[in-house]
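Right, one structure below, let's go through it.
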2 protein chains.
Amino acid sequence: MSKQDGDTLLVLFEALANPHRLKIISILFVERQYVSQLAREAEMSRPLLYMHLQKLEKAGLVKSEMELSTDGKAMKYYELVAFDFTITPALIKDAAETITIKKKEGK
Amino acid sequence: MSKQDGDTLLVLFEALANPHRLKIISILFVERQYVSQLAREAEMSRPLLYMHLQKLEKAGLVKSEMELSTDGKAMKYYELVAFDFTITPALIKDAAETITIKKKEGK
DNA sequence: AACATGTGTAATATATTTATTACACATGAT
DNA sequence: ATCATGTGTAATAAATATATTACACATGTT
């Protein structure tokens, strides 16, 4: 991660600041999974899982794609996006200067 | 950062997931500062600043010490703790397995 | 004594995040 | 047709995080 945009960095930290989302990352690190199965493994309802997945997706940590199973069902698969961030005070200082989000805007 | 405890990692991400706290880090990166002055530079009230500083301190990102100014006033100085974290899916997977916090406990 | 500056916190209000409930709709198998 | 499985979302409730207000107390200066 080179010079980071402040808002982007903030969205990243917000995405990582939740135990369920870390668990989701943990599960997807092993293998990609479709939503219903992921909900079972993460032990949470699908509506809640969707909410968490959206935050992860907006942060660029996961991505999704629809597929058709052999028996014709629509399956939405999520997979982890490879990442490797180095967090230092200097990086945060550079990023902090470009932060614009104060109150939540349209997301 | 070697193998990371899940709860510790979570507290770290939570501490970083706020624009004001990134700004505080940014200010302290330049030089250590006492609370009232820091409040002015960060453009926030002292009570609010205290709240943010506590989160940063619990995450181990800043530390404080009391000093007496030349004119005898008690001054609480905060300074940045050097850090350099590398965040990868593998690290999160290892950490996620040791996460215990589900609801907020005593802090 | 009143003022300016510093530390520190309790009580409360506001905003946001997290979680649940209740739906709608589709496909293949029984 | 009903059941089991999948996707998707709107409305609401509950829990947390963020922010404000109003204090108390201390020192040195005017």
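The values are calculated or read from the model by the stated rules, or taken from the named source; none is laboratory data. Just so it is clear, the model here is predicted, and its values are computed rather than measured. Using ideal geometry, Cβ is built from the backbone for each residue, glycine included, and neighbour counts are taken over all protein chains shown. Note: accessible area is taken over every heavy atom of the protein model, side chains too, but ligands, DNA and RNA are not part of it. Shrake-Rupley method; radii C 1.70, N 1.55, O 1.52, S 1.80 Å.
Some notes on this structure:
- All positions within segment A:44-58 that are open to solvent by 30 Å² or more (accessible area, probe 1.4 Å) and away from every other protein chain (no Cβ under 14 Å): A:Ser45, A:Arg46, A:Pro47, A:Tyr50, A:Met51, A:Gln54, A:Glu57
- Counted residues, segment A:24-74 - those being in a strand (DSSP E or B), out of contact with any helix residue (DSSP H, G or I) (no Cβ under 8 Å at 6 or more places or on another chain) and more than 8 Å from DNA strand C (Cβ to nearest atom): 5
- Residue list for segment B:14-58, restricted to those being under 13 Å from B:Lys76 (Cα atoms) and aliphatic (A, V, I, L, M): B:Val35, B:Leu38, B:Ala39, B:Leu49, B:Leu53
- Residues that are surrounded by fewer than 17 Cβ atoms within 10 Å (Cβ to Cβ) and of a type in the set (A, V, I, L, M) within segment B:19-43 comprise B:Val30, B:Val35, listed in sequence order.
- Pairs with Cβ under 8 Å, 6+ apart, first in segment B:80-95 and more than 7 Å from every other protein chain (Cβ to nearest Cβ) and open to solvent by 30 Å² or more (accessible area, probe 1.4 Å), second part of a loop (DSSP other than H, G, I, E, B) and at pLDDT 95 or above: B:Val81/B:Gly60; B:Val81/B:Leu61
- Hits in segment B:6-18 (condition: within 11 Å of DNA strand D (Cβ to nearest atom), assigned to a helix (DSSP H, G or I) and open to solvent by 20 Å² or more (accessible area, probe 1.4 Å)): B:Val11, B:Glu14
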